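Shown next, in structure tokens, is the structure this report addresses.
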Amino acid sequence: MRILMNCVAFAFCSSNKTLFAILYFFSFFCDGLDGWFARKFDQVSTFGAVLDMITDRVSTACLLALLSQLYRPGLIFLSLLGLDIASHWLQMYSSFLSGKTSHKDVKDESNWLLKAYYGQRLFMAFCCLGSEVLYIILFLLAGNQSESVLDVCLNAMKQSSLLSLSLFLTLTGWGIKQVINIIQMKTAADSCVFYDMKRSN
């Protein structure tokens with residue numbers, strides 16, 4: 001259902017922004033539900049976990065690629081796309097090398113923020129929700145011509161206090177998630193290097 005909703009959402013992204021936003025957000029909301037149902041009904045599987053991550057990464061990547069065409073400098077969104085994919089891919093691969101069953105198993109990591117992110121579901125939900133909703137808001141605010149992302153945000157905040165609060169909350173969650181992505185990428189890369197060093201000794 002999530003994959004289908006995302007396909008329909010992006011098919012209508014040019015002609016119907018509201019429909020896109022609704023379908024994309026509902027697909028994102030279902031991301032939390034499918035994991036909960038899988039655990040509740042004992043349907044957890046490796047394929048399901050991998051498919052879940054692929055769906056997350058591809059949908060976010062497509063939205064970031066879209067935003068890179070709507071705002072300047074577009075390199076900001078393409079850099080975020082690269083960071084998101086590199087961070088999660090390295091985390092998955094380092095988990096695999098360590099013999100872990102899940103990339104969310106960070107109990108042996110030293111970084112407290114990474115532990116808090118994967119250990120506290122509400123904190124993770126706040127960060128993920130902040131990121132995705134921020135991207136949806138930016139998509140809805142985008143005009144027909146390429147504009148500065150900073151100018152659009154500042155103008156929107158002047159027009160509505162509710163929008164200002166929404167942007168503040170989503171930017172907070174988004175900012176924390178980007179810091180976590182950088183930490184995750186570094187610790188996962190370190191784990192891969194450590195694995196190579198152990199093999200060479």
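Can you tell me which condition Asp108 does not meet? The list is (1) open to solvent by 50 Å² or more (accessible area, probe 1.4 Å); (2) at pLDDT 90 or above, and all the others hold.
That leaves (2) as the condition not met.
Hey, can you tell me all the residues within the range 111-141 that are more than 16 Å from the chain's Cα centre (by Cα), closer than 17 Å to Ile180 by Cβ and touching a residue at least 12 places away in the same chain (Cβ under 8 Å)?
Asn111, Leu113, Gly119, listed by residue number.
Any residue that is over 14 Å from Ile3 (Cβ atoms), surrounded by fewer than 16 Cβ atoms within 10 Å (Cβ to Cβ) and at pLDDT below 85 - is there at least one of those in the range 56-69?
For the range 56-69, residues over 14 Å from Ile3 (Cβ atoms), surrounded by fewer than 16 Cβ atoms within 10 Å (Cβ to Cβ) and at pLDDT below 85: absent.
With respect to the numbered conditions (1) polar (S, T, N, Q); (2) open to solvent by less than 50 Å² (accessible area, probe 1.4 Å); (3) closer than 30 Å to Leu97 by Cβ, which one is the sole condition not fulfilled by Ser200?
(2)
Among the candidates Ala49, Ala86, single out the residue that is open to solvent by less than 40 Å² (accessible area, probe 1.4 Å) and either among the hydrophobic types (A, V, I, L, M, F, W, C) or at pLDDT 90 or above (or both).
Answer to the check: Ala86.
Of everything in the range 142-197, what is basic (Lys, Arg), under 20 Å from the mean Cα position of the chain (by Cα) and either exposed (fewer than 15 other Cβ atoms within 10 Å of the Cβ) or over 27 Å from Thr18 (Cβ atoms) (or both)? Give them in sequence order.
Lys186
Condition test on Glu132, is it surrounded by 14 or more Cβ atoms within 10 Å (Cβ to Cβ) and at pLDDT below 95?
No, not satisfied.
Give the range 27-46 a look and list any residue that's of a type outside the set (Asp, Glu) and surrounded by 15 or more Cβ atoms within 10 Å (Cβ to Cβ), or say none.
Selection gives Ser27, Phe28, Cys30, Gly35, Ala38.
Just to be sure I understand the filter: pairs with C-beta atoms under 9 Å, separated by 6 or more residues or on different chains, first member in the range 59-86 and in contact (Cβ under 8 Å) with a residue 40 or more places away in the chain, second member basic (Lys, Arg) and surrounded by fewer than 19 Cβ atoms within 10 Å (Cβ to Cβ). Which pairs pass?
Asp84/Arg57
If we scan the range 141-148, do we find a residue that is among the acidic types (Asp, Glu) and under 19 Å from Ser59 (Cα atoms)?
no
The values are calculated or read from the model by the stated rules, or taken from the named source; none is laboratory data. Keep in mind the model is a prediction, meaning the values are calculated, not measured. Because the Cβ atoms are built from the backbone with ideal geometry, glycine has one as well, and the counts that use them run over all protein chains shown. SASA here: full protein model, heavy atoms, side chains in, ligands and nucleic acids out. Shrake-Rupley method; radii C 1.70, N 1.55, O 1.52, S 1.80 Å.
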